Ligand SMILES: Nc1nc2c(ncn2[C@@H]2O[C@H](COP(=O)(O)OP(=O)(O)O[C@H]3O[C@H](CO)[C@@H](O)[C@H](O)[C@@H]3O)[C@@H](O)[C@H]2O)c(=O)[nH]1
Ligand SMILES: [Mg+2]
């Protein structure tokens, strides 16, 4: 009973919605720890992988964040313009190439050495999204354009720079409420010596 394939059999996958994201209704036969098998229904949003990055300037001890309108936050009454680390969806490339492209598009910073730090499923009960987390050291000479996102995709990002300690206090103050951003800022504090 230790092999997952002995415990989980997908019976059906019905597409409920096929828009920007596919929403599936799965029926599966799941065998629990007592050996009992039950038919379970689970709805899953099929999201493609993403990547995000902490851009840190060692000299100035600042981090580069972006502020953008997020409709889901708006719909639930949270601050609609969210402050986040640069991030984006993989576009057929590997995660490192994707984050180099996104960092440039969103902030105008050209990334030199980039370090993968961890990956995380952001909402594993219902969403397939996995985010690859990166860190890169930057300095002012790496900023080669304004950033701001792709106009033809209606991205309209404000590029912000904060001292790392200030960004961390913004979590406690409720000004930063994006999960991936909180994770990377906390990672930075835990790994200050290696930044
Ligand atoms: N939400 C949404 N976006 C859409 C849609 N159609 C097109 N888009 C476009 O999809 C692009 C997504 O931009 P990226 O920079 O690639 O991704 P992101 O929105 O920054 O996503 C990152 O943050 C999200 C929120 O934390 C994460 O969910 C995501 O995985 C990633 O980390 C935007 O240009 C947006 O206009 C739609 O129906 N819904
Ligand atoms: Mg983005």
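Within the range 105-135, track down each residue that is within 16 Å of ligand 2 (Cβ to nearest atom) and surrounded by 19 or more Cβ atoms within 10 Å (Cβ to Cβ).
106, 107, 109, 111, 131, 132, 133, 134
When you check residue 66 against the structure, is it outside any loop (DSSP other than H, G, I, E, B), within 21 Å of residue 162 (Cβ to Cβ), in contact with a strand residue (DSSP E or B) (Cβ under 9 Å, 6 or more places away or on another chain) and away from ligand 2 (no atom under 15 Å from the Cβ), yes or no?
So residue 66 does not fit the description; no.
If you take the residues in the range 34-59 that are assigned to a loop (DSSP other than H, G, I, E, B) and in contact (Cβ under 8 Å) with a residue 60 or more places away in the chain, which one is farthest from ligand 1 (Cβ to nearest atom)?
Result: 59.
For the condition closer than 24 Å to residue 21 by Cβ and within 16 Å of the chain's Cα centre (by Cα), what is the one hit in 132, 154?
After applying the criteria, what remains is 132.
Could you grab me the full set of residues in the range 61-95 that are away from ligand 1 (no atom under 13 Å from the Cβ), more than 17 Å from the chain's Cα centre (by Cα) and exposed (fewer than 13 other Cβ atoms within 10 Å of the Cβ)?
76, 77 - these are the residues of the range 61-95 that are away from ligand 1 (no atom under 13 Å from the Cβ), more than 17 Å from the chain's Cα centre (by Cα) and exposed (fewer than 13 other Cβ atoms within 10 Å of the Cβ).
Which is closer than 16 Å to residue 187 by Cβ and in contact with a strand residue (DSSP E or B) (Cβ under 7 Å, 6 or more places away or on another chain), of 41, 119?
119
Restricting to the range 169-183, count the residues that are in a helix (DSSP H, G or I) and under 12 Å from residue 83 (Cβ atoms).
Number satisfying all stated conditions: 5.
If residue 159 satisfies every condition in (1) in a strand (DSSP E or B); (2) within 16 Å of the chain's Cα centre (by Cα); (3) within 14 Å of ligand 2 (Cβ to nearest atom); (4) over 30 Å from residue 42 (Cα atoms) but one, which is the exception?
Here residue 159 meets the rest and fails (2).
Values in this text are rule-based calculations from the coordinates and carry no lab data. Keep in mind that what you see is a predicted model, and the values were worked out from it rather than measured. Note: ideal-geometry Cβ built from the backbone for every residue, glycine included; neighbour counts use all protein chains shown.
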